[in-house]
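All remarks here apply to the structure that follows.
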Amino acid sequence: MPTTSRSRIVLATTTAVLTSLTAAADALPQTTETATHAEPSAEPLAGLRVLLSNDDSMQAAKASHADGLGLYEMRKALCAAGADVVVMAPWQVQSGKGTAVTNGGALTLARRTRLPAGYENDCTGAPSGSPVYGVCLSDDACGAGTPSATPADTVKFALRSGLAAKAGWADGPDVVVTGINSGPNVSAQVNDSGTVGAAVAAIDDGVPALAFSSSGDSTNTDFPVANYRANAEFGTRLLAGMRERSLLTGKFAVKVDYPDVSTGRQAKAPLWTDIGHGKVVWHDYAARRGSGDTFDIVPGVCADRPGDSCTETVRRADSTALLSGHVAVAPVTADRTYGATVDGGNNLRKLKHYVEHDAPRP
C-alpha cells in the first residue's frame, strides 16, 4: 500500500469523562493488598532475551514524553533485572495504527548511537550490546521526514529476519515487550492501539508478549517520568513472576495499564479485568470544509450517558479498574472468533490466579 508521512493526533482525555466511570468502579472485585513472596533474585530475568518495541517511536525528544520515553524506562528496568534487550521500534510516532502492516517497499534500520540523556549506560554488558533501532519505510537511510514502519511491521520484521541479522538471535527472543505507551489503552481504544497491535503481531508468530501503557497526568497530554518508572518497575517484577511460574505463553498477550501516580498516590493492587466495550475518545468526521470533499478529523471526548454507545457496560472493565487506581491486567487474543476459548482456558486460569493472589504489588 502507498505510504505517506503521518502526523500524530493527540487525544486529550479529560478527567471529567473518566470520573463518570466511578460508579462502575464500586462493582469491581477487590484483591488482597498484601501478599507474601520469597526474597526476589537480584537478576530475576537473567538470560531472558527480550525484543522491546512500541508505537510511540524511539525518538524520545518531546517535552511531553509522548514519543518513546517510556520505552527507555522499560529498557532500563529490564536490563537491571538481567534481561538481554534489543529494541526495534517505529522510526516515527505510530499511535493509533493498531495491527496495520505495510505490504510493499523496503524497511531500513537506523541504529541510535546517542541515547537520551540519563539512559546511556543502562544495558552495559548485555550479550547483544542492547542496540536501539528505529525502523523506517525506505530503501535508503532513515531521515527526519522518512515515513515509519508500523508497530506490527517492526515486530514481524524483528521476529522473521531482523533479530537474526542484527543480534544473532537465530531462535528469536523469549518474549516481546511493547511500550510503555504514553496514555492508557483500555476499552474500545484497544482496537486502535499500536502498542497492543505490536503484541498481537508477536503472538501471531507464537511468541509470548506483554503490552504496557501508562496514564498521563490529569489532562492526559503530558506523561510524567514517574508513571513510566513505576510501570517499568512493576512490569519487570510481573514478568519475572510469570517466568518463574512458567506462565509465559504465545497463546495470548497480556495487557497492563498503569494509573497516574505522578501526584504521589500509589497504585493499587493489580486486577484481572476484561477489555471494556465503552469509548473514551470519539473520532468525528462531520466537519466538512465548505461544500467540497474534504472532511476534518476531529477527535474528542465521548458523551458518557445511558444508552450512548460510548458508555462502559462491562462490569470488570479495564477502564474502570484503571480509574479506581488499580493496575489493570487483561488478556488479549489474536483469535477473533466469537466465543472462542484458547486451550480450554487453562493458561488463563493460572495467570488470573497469579495476578489476583501472587503478583507483585506496586
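Quick look at the values:
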quantity	calculated
Alpha-carbon centroid distance for the pair segment 67-136 / segment 293-362, whole angstrom	26 Å
Candidates per trypsin sites (Lys or Arg not before Pro) in segment 289-362, loop by DSSP, up to 12 other Cβ within 10 Å	Arg289, Arg336
Spacing of the two label points (7 Å from each Cα toward its C-beta) at Ala117 and Ser309, in nm	4.7 nm
Label-point gap, in nm, between Ala165 and Ile297 - each point 7 angstrom along Cα→Cβ	2.9 nm
Selection of trypsin sites (Lys or Arg not before Pro), segment 87-157, meeting DSSP coil and at most 11 other Cβ within 10 Å	Arg114
Computed magnitude of the charge dipole of the chain (debye, nearest 20; Cβ of K, R +1, Cβ of D, E -1)	160 debye
Share, in percent, of DSSP beta bridges within the chain that are antiparallel, nearest 5	40 percent
Label-point gap, in nm, between Asp222 and Ala106 - each point 7 angstrom along Cα→Cβ	4.3 nm
Dipole of the chain, positive end: most advanced residue of Thr263, Ser64, Tyr119 [Cβ charges, Cα centre]	Tyr119
Which label in [x] 1.04; [y] 0.95; [z] 0.98 gives the computed Rg/Rh (Cα atoms, Kirkwood Rh)	[y]
Helix-only [θ]222 nm of the chain, DSSP H runs n ≥ 4, -39500 (n - 2.57) each, per residue, nearest 500	-6000 deg cm²/dmol
Relative contact order (%) - segment 90-185, alpha-carbon pairs under 8 angstrom, separation at least six	34 percent
Inter-part distance where segment 149-210 and segment 240-287 are each reduced to a Cα centre, Å	16 Å
Distant-in-sequence amide H partners of Asp274 (H built 1.01 Å from N, under 5 Å)	Arg316, Ala317, Asp318
Per DSSP, loop chymotrypsin sites (Phe, Trp or Tyr not before Pro) in segment 295-362 with at most 10 further Cβ within 10 Å	Tyr338
Exposed GluC sites (Glu not before Pro) absent: longest stretch of the chain, with sites in DSSP loops and at most 16 other Cβ within 10 Å deemed exposed	121-362
Above-threshold pairs, the threshold being 23 Å between Cα atoms, out of Lys76/Lys251; Lys156/Lys268; Lys251/Lys350; Lys268/Lys350	Lys76/Lys251; Lys156/Lys268
Relative contact order of segment 121-268, pairs being alpha-carbon contacts under 8 Å that are 6 or more residues apart, as %	21 percent
The chain, relative contact order in percent, only Cα pairs under 8 angstrom and at least six apart counted	21 percent
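Taken together, the values in this text are just the output of simple stated rules run on the coordinates, not laboratory data. As the structure is a prediction and not an experimental result, all values here were calculated from the model. Note that we place each Cβ from the backbone using ideal geometry, even for glycine, and neighbour counts take in every protein chain shown.
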